[in-house]
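Reading through the structure tokens given below for one structure.
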Amino acid sequence: MKINILLPGIQRKISGGVKVVFEYANELAKNNNEVNIYFDCSNSLKSIKFINFIRKIICKISIYIYPRWFVFEKGIKKKCVFSVTDETIDNANFIFATAIQTASPVKYLSEKKGKKLYLIQGFENWTGYTDDEIYDTYNLGMKNIVVSKWLKNIVDKHSREKSILIKNGIDCSIFKINKPIEKRNKYNIAMLYHTAEYKGCKYGIKVLSELKKEYPDLDVTLFGVYKKPKNLPKWIKYIYNPSKNKLVEIYNNAAIYVCPTLNDGFGLTGAESMACGCAFISTDYGGQKEYSIENENVLLSLPKDIEAMKKNLELVIENDLLRIKLAENGNEYVRKNLNKENSINLLKQIIYNDKK
């Protein structure tokens with residue numbers, strides 16, 4: 001079969017949602033499917049005053065070079081397009097929209113471009129779209145695939161047909177416990193850094209700064225694909241653009257993983273950290289419910305509630321038995337319920353049961 005996937009723009013920096021799309025592309029390619037990944041560069045580099053044809057050349061070169069953070073299966077074709085039309089997209093059996101920017105362009109392609117699937121990994125109101133504009137994309141008549149029950153509840157209220165739930169899977173052969181949970185330094189904490197407001201990092205840093213006053217031995221590591229923020233306290237270590245192996249090392253060195261997110265469809269790093277044996281302290285943002293059960297494998301607080309998150313962190317620092325219980329339960333839950341192979345098999349079932 002031939003499968004088309006449409007992504008918005010050049011993907012230089014790693015993100016959880018894009019990583020999920022690429023992993024699905026690889027698995028489909030392994031099954032002898034012809035997979036084309038299209039990058040819609042119609043709005044790329046427009047902030048830079050290039051002559052248009054030079055901008056297009058740079059975009060095409062960038063698509064060839066990037067992403068450097070992911071290794072594709074042989075046979076996957078990456079293609080740069082500057083408009084999504086029947087002339088620029090090949091005929092196929094299926095085509096995936098993967099973000100709100102790609103939903104309408106995919107919808108209005110000819111049926112020859114493939115049966116239309118819409119992979120929804122978040123409520124994307126951080127992209128400049130209104131809530132109503134987002135709801136409209138759910139009702140375009142494509143087959144909606146969601147990654148969490150939280151999203152499913154939203155999508156199903158605004159679509160003609162029920163969406164299909166495929167939780168994001170974790171590769172537990174990579175994300176696993178290498179350092180015993182009970183031997184970890186209880187003061188070691190890890191957190192993702194992201195510049196987007198909805199990730200809530202400024203609240204997380206505020207909580208950790210307050211906690212440092214109480215626990216001078218606190219040892220915090222932030223990681224992310226963005227350059228180290230200039231105002232980050234000097235005592236906080238920052239690891240820029242870690243490799244997959246380095247990320248596993250960060251999780252295994254941490255006793256606790258903090259997630260201060262305000263809004264996220266799933267929250268891949270939270271699940272990864274649990275697979276690696278971290279005690280999970282998170283905001284109750286919705287998507288985390290796919291792998292966390294309050295007081296069993298997570299302590300939750302409301303988004304932006306700095307004092308409540310600080311109290312939860314104090315609880316696990318002061319109580320080793322609680323920290324170890326949360327970490328062990330979290331690891332077991334992810335291994336049993338978020339197996340990567342299950343997610344891949346569900347996607348394959350959709351495709352092979354509905355092929356032309």
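Shape descriptor for the stretch 33-190: Rg over Rh equals 1.05 (Cα atoms; Rh from the Kirkwood inverse mean 1/r). Summing Cβ point charges (Lys, Arg +1; Asp, Glu -1) relative to the Cα centre of the chain gives a dipole of roughly 1320 debye. Rounded to two decimals, the Cα radius of gyration of the stretch 1-124 over 2.2 N^0.38 Å is 1.01. When the chain is described by a simple charge dipole with +1 on each Lys and Arg Cβ and -1 on each Asp and Glu Cβ, the residue from Phe82, Asn252, Asn339 located farthest towards its positive end is Phe82.
Straight-line cross-link reach from Lys304 at under 13 Å between alpha-carbon atoms covers these aspartates and glutamates, not counting any fewer than eight positions away in the same chain: Glu197, Asp284. Remark: for residue pairs Lys13/Lys143; Lys199/Lys228; Lys183/Lys227; Lys206/Lys227, the C-alpha separation exceeds 25 Å in Lys13/Lys143; Lys183/Lys227. In vacuo Debye scattering of the stretch 306-356, one point per C-alpha: log10 I(q)/I(0) at q = 0.13, 0.16, 0.22, 0.31 Å⁻¹? The Cα Debye sum returns log10 ratios of -0.55, -0.64, -0.82, -1.03. Measuring r between the beta carbons of Glu294 and Asp171 and using R0 = 30 Å, the FRET efficiency lands at 0.70. Temperature 25 °C, viscosity 0.890 mPa s: under these conditions the Stokes-Einstein estimate for the stretch 191-312, based on its Kirkwood radius over C-alpha pairs, is 170 µm² per second.
With a cut-off of 12 Å between beta carbons, the residues surrounding Lys116 carry a summed charge of +3, where Lys and Arg count +1 and Asp and Glu -1. Would you mind telling me the share, in percent, of accessible area of the stretch 1-53 contributed by carbon and sulfur at probe 1.4 angstrom? Carbon and sulfur atoms account for 51 percent of the accessible area of the stretch 1-53. Taken along the Cα-to-beta-carbon direction at a fixed 7 Å, the label points for Leu321 and Asn43 span 5.3 nm. Taken per residue, the accessible surface of the stretch 136-191 reaches 49 Å², heavy atoms only and a 1.4 Å probe.
The values are calculated or read from the model by the stated rules, or taken from the named source; none is laboratory data. Remember, it's a predicted structure, so these values are computed and weren't measured experimentally. Here Cβ is always computed from backbone atoms with ideal geometry, including for glycine, and neighbour counts include all displayed protein chains. Note: areas computed on protein heavy atoms with side chains; ligands, DNA, RNA excluded. Shrake-Rupley method; radii C 1.70, N 1.55, O 1.52, S 1.80 Å.
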